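Here's the structure, in structure tokens; my notes come after.
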Amino acid sequence: MAQQQQDGGVNVNVPQLLDLTIDNITPNTVRINSQSSNARLTYLMARLVTHLHDFARETRLSTDEWMAALMFLIGCGQISSDVRNEFILLSDVLGLSLLVDNINHPTPAGGTEGSVLGPFHTHDAPVLPNGSSMTADPEGEPMLAVCTVKDTQGNPIAGVKIDIWETDSSGHYDVQHAGRDEPSERCVMVSDEQGRFWFQGLKPVSYPIPHDGPVGKLLQLLSRHCWRPAHVHFMFGKQGWDNLITALYLRGDPYETSDAVFGVKKSLVIDLEKVDKETAAKYGVKEGIWLLKHNFVLSTQQESEKLRDKLAVEALEKLGLRMKLVDHLPVPELD
């Protein structure tokens with residue numbers, strides 16, 4: 001039976017708690033969390049509490065381990081800043097980032113697969129015209145990238161905003177350098193009427209993710225390395241189209257099959273070429289530098305949502321769950 005209690009002057013219904021034990025703490029917590037009118041929030045909290053409690057019971061979680069986990073999360077918050085997010089890094093190394101992206105942005109046949117955003121995307125990259133250089137690093141190996149953006153039918157898509165970012169030749173993003181006063185090795189471009197965009201950057205290099213914080217210590221305890229294979233990040237956005245976050249990885253990199261953040265997919269592994277004389281003249285670059293060529297394929301928002309709903313229904317049916325989709329998200333189907 002619920003009791004009426006005051007919360008900031010507002011009467012709220014509070015279910016009466018039973019005599020709490022290891023066995024009944026979970027249904028009691030779920031019950032008291034189920035007062036919201038937001039069905040999705042109620043469902044998320046119910047499943048979160050259930051899985052957390054089951055984890056504690058299954059592992060017989062000790063007080064010392066529980067406190068160590070809390071201190072680990074506190075440490076993640078303390079080391080995070082405007083240019084470094086340890087929680088994103090944690091999500092990445094646990095494989096959660098890629099899982100969530102795959103669930104929310106399924107790839108229709110022929111589409112470009114997504115990859116992890118990573119913790120070093122910024123919102124201050126300059127908008128540059130096609131053909132511009134996005135690097136100020138004189139030590140790196142120059143690379144020309146020539147790309148297109150098309151739909152799943154092969155038609156070019158004009159006016160797509162493309163965020164592009166990579167490390168410098170030392171394997172560091174610009175925000176990792178003390179005293180950074182302007183963006184480097186990053187830019188924003190817009191596809192032209194033929195869906196093309198091209199830019200000058202650097203041949204990407206392998207690099208370690210930040211390992212001087214809690215996530216790095218966790219990897220050490222797990223006997224895992226902290227390296228990522230050489231890659232370039234891309235993020236595509238245009239109204240009416242599914243937002244695509246992806247990256248291209250160099251074939252043959254020593255970390256190609258053991259990426260610390262699980263970002264590599266076979267379809268995203270590429271080979272670089274060399275710029276020939278004709279290409280050099282066309283794009284105004286030196287002959288013989290590295291050449292990245294790739295065709296990106298976007299799906300419409302409608303295509304993505306339809307596929308996402310289909311896969312959600314199939315997955316929930318396999319789990320034996322009675323659910324309905326509200327705004328493309330599952331909530332319990334109540335009688």
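FYI, it's all coordinate maths here, none of it is from the lab. This structure is a prediction, so every number in the text was calculated from the model and none was measured. Positions of Cβ are generated from backbone atoms using ideal geometry, with glycine treated the same way; all protein chains shown enter the neighbour counts.
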Net charge of neighbours whose Cβ lies under 14 Å from the Cβ of D82, counting Lys and Arg as +1 and Asp and Glu as -1: -1
Return the subset of K161/K286; K150/K277; K217/K324; K217/K293; K265/K306 for which the Cα-Cα distance in this structure is over 32 Å, preserving the input order. K217/K324; K217/K293
Any idea what the dipole of region 206-297 comes to, in debye rounded to 20, about its Cα centre with Lys/Arg Cβ at +1 and Asp/Glu Cβ at -1? 80
Each residue of region 24-36 in order: what ³J(HN,Hα) in whole Hz does its phi give by Karplus 6.51 cos²θ - 1.76 cosθ + 1.60, θ = phi - 60°, with x for Gly and Pro? 10, 4, 5, x, 5, 5, 4, 5, 6, 8, 9, 9, 6
From the phi of every residue in region 177-191, what ³J(HN,Hα) in whole Hz does the Karplus formula 6.51 cos²θ - 1.76 cosθ + 1.60 yield, where θ is phi - 60° and glycine or proline is x? 8, 5, x, 4, 10, 7, x, 8, 6, 7, 6, 10, 10, 10, 5
For the chain, using Cα atoms only, the Rg and Dmax in Å read 24.0, 81
For the chain, set up a Gaussian network in which alpha carbons nearer than 10 Å are linked by springs, and say which option among T279, T63, T135 fluctuates the most. T63
If you place +1 on the Cβ of every Lys and Arg, -1 on the Cβ of every Asp and Glu, and leave all else neutral, what size is the dipole of the chain about its Cα centre, to the nearest 20 Debye? 540
Once you list every other residue whose beta carbon is under 13 Å from the beta carbon of G252, what net charge do they have if Lys and Arg are +1 and Asp and Glu are -1? -1
Rounded, prolate or oblate: which fits region 260-302 when a ≥ b ≥ c are the square roots of the eigenvalues of the alpha-carbon gyration tensor, with rounded for a/c under 1.5 and prolate only if a/b beats b/c? oblate
